[in-house]
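Novice: Attaching a single structure in structure tokens format; questions to follow.
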């Protein structure tokens, strides 16, 4: 990798001031990533015990999404969206359209999905700014 | 965990979330449903035998001794009575000795029930003591109503006579139950008392309240003014611990209403669960209601002997007991005992032949002699704590050639057995089905268990990994890991031991059905049943890792906590509801139902989730959400001749009315505290009342209080209804 690739924003932070939206986005990225940790490790243990693979996959998705969101990358939103879709599909496959039974599969993930969508403007501006800084070099 | 909380907090933002967070009755201290059991014996200290002329020989003629004592008490004739149960009264815990929880009062109907209003609220003043006293309360009382008296019994077993029309106190009697006993029991409760009319000419206490208290006494007080009946026992007290052996306060603790039939007071008692094999005997005894003399004792491991234990011995230690209410049929002269298990519920090794025979059985005894007439086992070799908690319900079962005297027994494992109460033979088919096998070394599993296949079964759906639930994927995952680690092979999954040592017991040991019993409306021929749908997660703890001390040996700081040391068994027990660390059930709701069953077809007429999460929510904050998701429940229902069923029982503080035929909810009212008790109904002064003890329940974690509330139609409506007849 050379300067100007995806590692760049991290470095550029040192001499950059953040907007409130970017701070919130980074905090959100941390939360999403941390939520993924118990899912990944607990989920791996569950696979070892012979249980469902969903939690480990979802945990990996959350961690990846969290890191990318922290970095201000739109890819984080896409990865979260895919994880969210996976939750819906997996949940319906396991319990059908039973509203109560679907709660763990839908409510928390949907709240995170909505918050993630609210960050689209921040992600867009962050993305532009990163691009501009890269170009300026 | 902090992550889970974080996520949970996020979820709380969405109203939907609060819904789910039912921290329900989080951790009941390593135990749950009220139960008890006994164990094998060592005739340790031989307490003085009851001051009775009772004989060791079965069939010995007692008619000589009894009249003599009765004369001493000043009775002209030897016959007393329990008043007939009619629209104006409620004379046994379950209404009458038939325990059908049915009131012939018919003023309240599906059409007018919406107009019900609270007409009085009485505060007993008996509130749970501060936490440092380590006494936990459960106001499980179903009052009695006889004449113009309503007899309430509070958790510390104070009896209060309340005016049924006004809610004003007339008198109270405080037995001053030993504090140590209340600390040592699972929770302080008084399910009820019994009422008896002495024969004409009796010099004192013409009418009596007779009941047992948790420190091992049976008391008789004058039903008119609450003064002790001095001619009963010794100054109104019978020492129930006579013949029991070692006296650990609370280990032996009567707290269910006695049943009186043919002048015989019949009572069992609770024995605290899972403490030690060497526990108080489960002996069931009959006493003369006039004198308090013991007439017979059914000590099941001494078959053929019905008197006090031999000199220097105690009643057989640790045998299956009867901790709940007993039903009786005066005409047949039989009492119906819903039996529990031997001490140390989860260890079946070394049980005697008699213990195996009677564990978790419905057993009929001759009320005059205590001799067993028949027995029907609801669980073979019970190692799940599926003791019978429901009072048996006696009904006229519609048969081809007219009504058959039947007894209906609901069980914790979700089965409803229907038997001919003359002989114990099933009226609805009972099939023996193969069940999962294999348990601890030194113990065994019964190859089959009985299922009442023509009646609906409750809470026996098969769980899978996909059944695991939570408010978020994280607590759901926690539940799923526990599920994967635990042994589970469906209903009757045997207890296991080993590294994880856990198994899932579903239904859990609070049922299915428990002490609230079931109700039968003989007019509409509908059986009303409230059930729990909650699994338990139980762990066998290897002996060397057991830290819990048995009752009587717990240090001061651990007062009030009951572990499951199971002294005498190869392992201890850690038993709890299957909940996530944030207190949410590990399976999706509904966690509780109210159902109506058509008799005699056994057809399920309706089944509705009972209760909302209104008074539960994250961090102890009430969610105020009023959707009936079906919560765990304790307590029972009352059915009335007007075709209306009343029940509280659920985790939200409401009493509700349902159409008995359809299950449609017709009315509800806010309670001042949790309603984990059985409502009763009666008319007084031409007005029908619904009365309920609403004082909350410690392990259900409902709001505590000290209220008794009464509902009735507004005076003008009541009058109009009455005139219209």
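Novice: In Å, what is the Rg of the alpha-carbon atoms in the range B:137-204, and how long is Dmax?
Specialist: That works out to 13.9, 42 Å for Rg and Dmax.
Novice: Here is a further query. Distance from a point 7 Å along Cα→Cβ of residue B:225 to each backbone N in the range B:183-208: keep the residues under 17 Å and list them by number.
Specialist: Output list for this probe position: B:202-208.
Novice: Show me, bin by bin at 20 Å from 0, the whole-percent P(r) of chain B based on Cα pairs.
Specialist: All Cα pairs considered, the percentages come to 19, 56, 24, 1.
Novice: For a quick protection proxy, order the peptides A:53-61, B:647-655 by their average other-Cβ count within 10 Å, most packed first.
Specialist: B:647-655, A:53-61
Novice: Turning to a different aspect of this structure: Which value in nm describes the separation of the simple spin-label points at residue B:716 and residue B:234, placed 7 Å from the Cα toward the beta carbon?
Specialist: 6.1
Novice: While we're looking at this one, here's another question. Given a Förster radius of 30 Å and the C-beta distance between residue A:20 and residue B:132 as r, what FRET efficiency does 1/(1 + (r/R0)^6) yield to the nearest 0.05?
Specialist: Plugging the Cβ-Cβ distance into 1/(1 + (r/R0)^6) gives 0.05.
Novice: Ok, one more. Compute the distance in nm between two label points, each set 7 Å from the Cα along the Cα-to-Cβ direction, one at residue B:444 and one at residue A:41.
Specialist: Label-label distance for residue B:444 and residue A:41, simple model: 4.7 nm.
Novice: Using the scaling law 2.2 N^0.38 Å as the reference, what is the normalised Cα Rg of the range B:479-594?
Specialist: 1.30
Novice: Moving to a separate point now. Could you work out the relative contact order of the range A:19-127? I mean the mean sequence separation of Cα pairs under 8 Å and 6+ apart, divided by the number of residues, in percent.
Specialist: So the answer I get is 26 percent.
Novice: Still on this structure: What is the gain in length, in nm to one decimal, between residue A:93 and residue A:81 on full extension, counting 0.36 nm per residue of separation less the C-alpha to C-alpha distance?
Specialist: Computed gain between residue A:93 and residue A:81 is 2.5 nm.
Novice: If you don't mind, there's one more thing I want to ask. For the range B:112-246, go through all pairs of different Cα atoms, get the mean of 1/r, take its inverse, and jot down that Kirkwood value in Å.
Specialist: Kirkwood radius, the range B:112-246: 16.0 Å.
Novice: Which whole-number percent is the relative contact order of chain B (Cα, under 8 Å, 6+ apart)?
Specialist: 17
Novice: Calculate, axis by axis, the spread of Cα positions in the protein assembly as shown along the three principal axes, and write the results as whole Å, longest axis first.
Specialist: 115, 67, 56
Novice: Using a/c under 1.5 as the rounded threshold, could you call the range B:440-530 rounded, prolate or oblate? The axes a ≥ b ≥ c are square roots of the C-alpha gyration tensor eigenvalues, and prolate needs a/b larger than b/c, oblate otherwise.
Specialist: Cα axes put the range B:440-530 in the oblate bin.
Novice: Let me ask another. Taking each pair of distinct Cα atoms in the range B:264-423 once, what is the resulting Kirkwood hydrodynamic radius in Å?
Specialist: By the Kirkwood definition, the hydrodynamic radius is 16.0 Å.
Novice: Arrange the peptides A:62-74, B:601-613 so that the one whose residues have, on average, the most other Cβ atoms within 10 Å appears first.
Specialist: A:62-74, B:601-613
Novice: Further, regarding this structure: Give the shape of the range B:93-140 as rounded, prolate or oblate, defined through the alpha-carbon gyration tensor: a ≥ b ≥ c are the square roots of its eigenvalues, a/c under 1.5 means rounded, and otherwise the shape is prolate if a/b is larger than b/c and oblate if not.
Specialist: Cα axes put the range B:93-140 in the oblate bin.
Novice: Same structure, new question: Which of rounded, prolate, oblate describes the range B:328-476, given a ≥ b ≥ c as roots of the alpha-carbon gyration tensor eigenvalues and a/c under 1.5 marking rounded, otherwise prolate only if a/b is larger than b/c?
Specialist: Note, shape of the range B:328-476 comes out oblate.
Novice: Sticking with this structure for a sec: Taking 51 Å as R0, compute the FRET efficiency from the Cβ-Cβ separation of residue A:120 and residue B:664 and round it to 0.05.
Specialist: Taking R0 as 51 Å, the efficiency between residue A:120 and residue B:664 is 0.60.
Novice: Return the FRET efficiency for the residue pair residue B:373, residue B:462: r is the Cβ-Cβ distance, R0 is 30 Å, and the value is rounded to the nearest 0.05.
Specialist: 0.20
Novice: For the range A:19-127, how big is the tail of P(r) above 25 Å, as a whole percent of Cα pairs?
Specialist: 22
Novice: Just grab the label-to-label distance for residue B:178 and residue B:437, each label 7 Å out from Cα along the Cβ direction, in nm (one decimal).
Specialist: Roughly 4.7 nm, to one decimal.
Novice: Across 10 Å bins from the origin, how do the percents of Cα pairs in the range A:55-98 run, short distances first?
Specialist: With a bin width of 10 Å, the distribution comes to 32, 44, 20, 5.
Any read-out appearing in this document is the output of simple, stated calculations on the displayed coordinates, not a laboratory observation. It should be emphasised that the depicted structure is a prediction, and the values quoted were computed from it without experimental measurement. Using ideal geometry, Cβ is built from the backbone for each residue, glycine included, and neighbour counts are taken over all protein chains shown.
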